[in-house]
Amino acid sequence: MALTVGTAGHIDHGKTTLVEALTGKNTDRLPQERERGISIDLGYAPLELPDGTQLSVVDVPGHERFVRTMVAGATGIDLFLLVIDAAEGARPQTHEHLAILRLLGVDRGVVALTKSDLVDEETLELARDEAEQLVPGAPVVAVSARTGAGLDELRTALAEVARGCERADADGATRLYVDRAFSLHGIGTVATGTLWSGSIGDGDELSIEPQGRAVRVRSVQVHDRAVERAEAGQRVAVALPGVERRELPRGSALVTSGAFPASYRLDVALEEVAEIPSRVHVHHGTVEVPARVVRIGDRWAQLRLAAPVVAARGDRVVLRAGTTVGGGTVLDPAPPRHASAERMELVERGEIAATVSAPVPVESLRHLGSADGLVHAGDWVFSQAWLDELRAELQRRIASADPLDPGVPPPAEPWVAAVVPLLGLERRGAKLYLPGATADLGARADAADALEAGLGLDPVKIEDRVLARYLEEQGRLVLVGDGYAVSAAAYAQARAALVAECEAAGSITLARFRDLLGVGRRTAQLLLERFDADGLTRRADDARVLRRRGTIAS
Ligand SMILES: Nc1nc2c(ncn2[C@@H]2O[C@H](COP(=O)(O)OP(=O)(O)OP(=O)(O)O)[C@@H](O)[C@H]2O)c(=O)[nH]1
Ligand SMILES: [Mg+2]
């Protein structure tokens, strides 16, 4: 099992020197680090313990200005190596680093009291008492990087604590947060990071998020040694041919495509260290993003981020505003904008199905865990209760629809195609009907008779459009113009006159048609337009001729 141990502690307390004493590797590789004698960036070294345990060591800077770097190094570690100068005791960044470790959920580790060669027995005991109070339960080991005293005991303590650590997500989707990217001659771009979950091997197809760039891994190294597959918990370098270095800024995630959402919002359960202001910097993975904190209830918040992050449920974040003010556990890595305490509580308890009523994309729940108990249709999920309510509502509206056209338009929503087949209604044209529903004149039978009786060749305006359409479908009238009707008999008679004239004379003008019928110009005009619309006639100059099809049909 691969585990990563991260150093922590105040500036100059001896972290880097201790890592070198343990591993033989000086992790302060930058020229400024060597000149100034302080660590600036993260350092990495492999550490093999006497019992065979392989650890990756991440050495972090202690300087107050580089706490952000410390957080980037500390996310993804399994255990800590808290370094306290035996002469100085705990100092501000001792406390801040410890708070950050707690916020990140890193609760196992060892305390090393360094520079023991410089203090007398009494001072060492005072430092030991302080350390034991500060980190209850963690072994405290006095060491000297200079004389080598206590190093074996420290290795044993690390091995012991490492035995109690487990990585839960070794089999999960691949996730690595890039902490460094550089170009190597003849190889191209190489990205490094701690593999949080899954594994990475030669030829794997992964995605750089949140950029959404597909990549193929060419070769993989763990601590400068080529391996076939790197596993969760290991310190990994991957060659990514064809990718530019600038496409891999610190904080990018190398992941199984589609396995993790990239989101501008995170719903979290808060942990307060100090009062959390409304504007903070959110540290997650190896990235730091400014964010607005929208408090929900007294325990939760939605973090509205200035740039998208790639997170998963259960991840930890650290919130800083000048100093470390708090942290949080991600409840929903891609939540809807409108958060409520009610939803937060359900999501926190893992009752994901209970958060859904109306349809949401299946995709939006994938990152929350199981959504059993919901109805799936196409790309949507929703609750059975919602579906029943929609069906009942549509049936109510159908019941009060015009009996001549007892249908209702389906909801104009993106999920309509997925949901309609589950409603037990019949789709006819643009509306939904009860299965087998037919039009019914009902109480309007008398009105229909009266209307029909009042029709002749002169168009009559009809107010009840639904009734008019129904009667036309029944062949009891013919609609002309906009909302006018003539009797079916009059229409047939006019049509016969037109056809006879056209067959005799070849064409017919408006004036001729009007005279033939003995009607006004407007009536003649409306009828001719209807003949055109029916495909019986077409206009030819200022007359009309029969369409061929019309001739045959008549
Ligand atoms: N005498 C003595 N000096 C030590 C020991 N460990 C570290 N030092 C000295 O303490 C100074 C600081 O050590 P570093 O290892 O750079 O401290 P650090 O914690 O890595 O510092 P930052 O990374 O800047 O936070 C150096 O001059 C070391 O030589 C020790 O065990 N004994
Ligand atoms: Mg250092």
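The values are calculated or read from the model by the stated rules, or taken from the named source; none is laboratory data. Just so you know, these numbers come straight off a predicted model, no measurement behind them. Here the Cβ is made from the backbone with ideal geometry for all residues, glycine too, and neighbour counts use every protein chain on show. Keep in mind that these areas ignore ligands, DNA and RNA; they rest on the heavy atoms of the full protein, side chains included. Shrake-Rupley method; radii C 1.70, N 1.55, O 1.52, S 1.80 Å.
Could you work out the equivalent-ellipsoid semi-axes for the stretch 457-554, taking the square root of 5 times each eigenvalue of the Cα gyration tensor, largest first, in whole Å? Write down the numbers at each step before the final one.
Details: eigenvalues 108, 41, 25 Å².
Working through the eigenvalues yields semi-axes of 23, 14, 11 Å.
With a 1.4 Å probe and all protein chains left in place, how much of the accessible area of the stretch 427-482 comes from carbon and sulfur atoms, in whole percent?
Numbers: 1640 of 3250 Å².
Looking at the stretch 427-482 in its full context, I get 51 percent from C and S.
If I take the Cα coordinates of the stretch 211-259 and project them onto the principal axes, what are the three extents in Å, biggest first?
28, 23, 19
Express the Stokes-Einstein translational diffusion coefficient of the stretch 85-204 in µm² s⁻¹, to the nearest whole number, given a Kirkwood radius over alpha-carbon pairs, 10 °C and a viscosity of 1.306 mPa s.
92
What's the FRET efficiency of Glu228 with Tyr264 using the Cβ-Cβ distance as r and R₀ = 51 Å, to the nearest 0.05? Write down the numbers at each step before the final one.
Working: r = 37 Å, r/R0 = 0.73.
Efficiency for this residue pair is about 0.85.
Once you have the Cα-Cα distance between Ala497 and Val460, take 0.36 nm times their residue separation minus that, and quote the gain in nm to one decimal. List each step's numbers first, then the result.
Details: separation 37, 0.36 × 37 = 13.32 nm, distance 2.10 nm.
Length difference between fully extended and current span is 11.2 nm.
Keeping all protein chains in place and using 1.4 angstrom, which order do Asp446, Asp171 fall into by accessible surface area, from largest down?
On the way: Asp446 120, Asp171 150 Å².
Greatest to least solvent exposure: Asp171, Asp446.
How large, in percent, is the carbon and sulfur part of the accessible surface of the stretch 1-102 at a probe radius of 1.4 Å?
Numbers: 1620 of 3610 Å².
About 45 percent, which is the carbon plus sulfur part of the accessible surface.
Sort Lys15, Lys461 from largest to smallest accessible area, using a 1.4 Å probe on the heavy atoms of the protein chains.
Lys461, Lys15
If I histogram all Cα-Cα distances within the stretch 396-490 using bins 5 Å wide from 0, what percent of pairs lands in each bin?
3, 12, 21, 18, 14, 12, 10, 6, 3, 1
Per the 1.4 Å probe, what fraction of the accessible area of the stretch 196-269, in percent, lies on carbon and sulfur atoms?
Working: 1400 of 3380 Å².
Carbon plus sulfur share of accessible area: 41 percent.
If you average 1/r over every pair of different alpha-carbon atoms in the stretch 63-111 and take one over that average, what Kirkwood value in Å do you get? Walk me through the intermediate numbers first.
On the way: mean 1/r = 0.0895 Å⁻¹.
After inverting the mean inverse Cα-Cα distance, the result is 11.2 Å.
Hey, can you grab everything whose amide H is under 5 Å from the amide H of Phe80? Only 5+ residues off in sequence or another chain; H modelled, so Pro and N-termini drop out.
Hits under the 5 Å cutoff: Gly6, Arg108, Gly109, Val110.
How large is the dipole of the chain about the Cα centre if only Lys and Arg carry +1 and Asp and Glu carry -1, each at its Cβ, rounded to the nearest 20 debye?
I would put it at about 2640 debye.
Dividing the Cα convex hull volume of the stretch 352-423 by residue count, how many Å³ per residue is that? Could the numbers behind the result be given before it?
Working: hull volume 5.6 nm³, N = 72.
Per residue, the Cα convex hull of the stretch 352-423 comes to 78 Å³.
Glu244 versus Asp440, label points 7 Å from Cα toward the beta carbon: distance in nm?
7.0
List the pair-distance distribution P(r) of the stretch 244-319, using every Cα-Cα distance, as the percent of pairs falling in each 10 Å bin from 0 up to the bin containing the longest distance, rounded to whole percents.
Percent of pairs per bin, in order: 18, 52, 23, 6, 0.
List the lysines whose alpha-carbon lies under 29 Å from that of Lys15, not counting same-chain residues fewer than 8 positions away?
By straight Cα distance, Lys15 reaches Lys25, Lys115.
May I ask you to rank Asp534, Asp379, Asp78 by accessible area, largest first, using a 1.4 Å probe over the protein chains only? Walk me through the numbers before you get to the answer.
On the way: Asp534 70, Asp379 115, Asp78 25 Å².
My answer, sorted largest first, is Asp379, Asp534, Asp78.
Just from the alpha-carbon atoms, what are the Rg and Dmax of the stretch 149-302 in angstroms?
When restricted to Cα atoms, the stretch 149-302 yields Rg and Dmax of 18.4, 55 Å.
On the principal axes of its Cα set, how long, how wide and how thick is the stretch 1-131? Give whole Å, largest value first.
Sorted largest first, the three principal extents are 38, 36, 30 Å.
By a straight-distance test (C-alpha under 30 Å), which lysines pair with Lys461 as possible cross-link partners, with residues fewer than eight away in the same chain excluded?
Filter leaves Lys431.
Summarise the long-distance tail of P(r) for the stretch 314-436 by giving the % of C-alpha pairs beyond 24 Å. Don't skip to the end; give the middle numbers.
Values: 3317 of 7503 pairs.
Roughly 44 percent, once rounded to a whole number.
In the stretch 242-394, if every C-alpha pair distance is counted and binned at 5 Å from zero, what percent goes to each bin?
The calculated distribution, bin by bin, is 2, 9, 17, 19, 17, 13, 9, 7, 4, 2, 1, 0.
Which three lengths, in whole Å and largest first, does the stretch 5-55 cover when its Cα atoms are put on their principal axes?
So the extents along the principal axes, rounded to whole Å, are 36, 20, 15.
At what distance in angstrom do the alpha carbon centres of the stretch 97-155 and the stretch 511-537 lie from each other?
Rounded to whole Å, the Cα centres lie 104 Å apart.
Compare the Cα positions of Gly369, Pro46, Leu390 along the charge dipole of the chain (+1 at Cβ of Lys, Arg; -1 at Cβ of Asp, Glu; about the Cα centre) and return the one farthest towards the positive end.
Projecting each Cα onto the dipole axis, the largest value belongs to Leu390.
Given the rule -39500 (n - 2.57) for each run of at least 4 DSSP H residues, summed and divided by the residues of the chain, what is its mean residue ellipticity at 222 nm, to the nearest 500 deg cm²/dmol? Before the final figure, lay out each step's value.
Values: 16 runs with 158 residues, N = 554.
The helix-only estimate for the chain comes to -8500 deg cm²/dmol at 222 nm.
Under 4 °C and 1.567 mPa s, how fast does the stretch 402-445 diffuse according to Stokes-Einstein, given a Kirkwood radius computed over C-alpha pairs? Answer in µm²/s, whole number. List each step's numbers first, then the result.
Values: Rh = 11.4 Å.
The estimated diffusion coefficient comes to 113 µm²/s.
Any idea of the accessible area per residue across the chain, 1.4 Å probe, to the nearest Å²? Each step should come with its number before you reach the end.
Working: 25740 Å² over 554 residues.
With the other protein chains kept in place, the chain gives 46 Å² per residue.
Just want to confirm a number: the relative contact order over the chain, from Cα pairs under 8 angstrom separated by 6+ residues, in percent. Spell out each step's value before the answer.
Working: 1141 pairs, mean separation 42.6, N = 554.
Normalised by residue count, the contact order of the chain is 8 percent.
Take every Cα pair under 8 Å in the stretch 455-554 that's 6+ residues apart, average their separations, divide by the length, and report that relative contact order as a whole percent. Intermediate results must be reported in sequence, preceding the final value.
On the way: 121 pairs, mean separation 22.6, N = 100.
That works out to 23 percent.
Just the number: Rg to Rh for the chain, Cα atoms, Kirkwood Rh, two decimals.
Details: Rg = 39.0 Å, Rh = 29.7 Å.
Radius of gyration over Kirkwood radius for the chain works out to 1.31.
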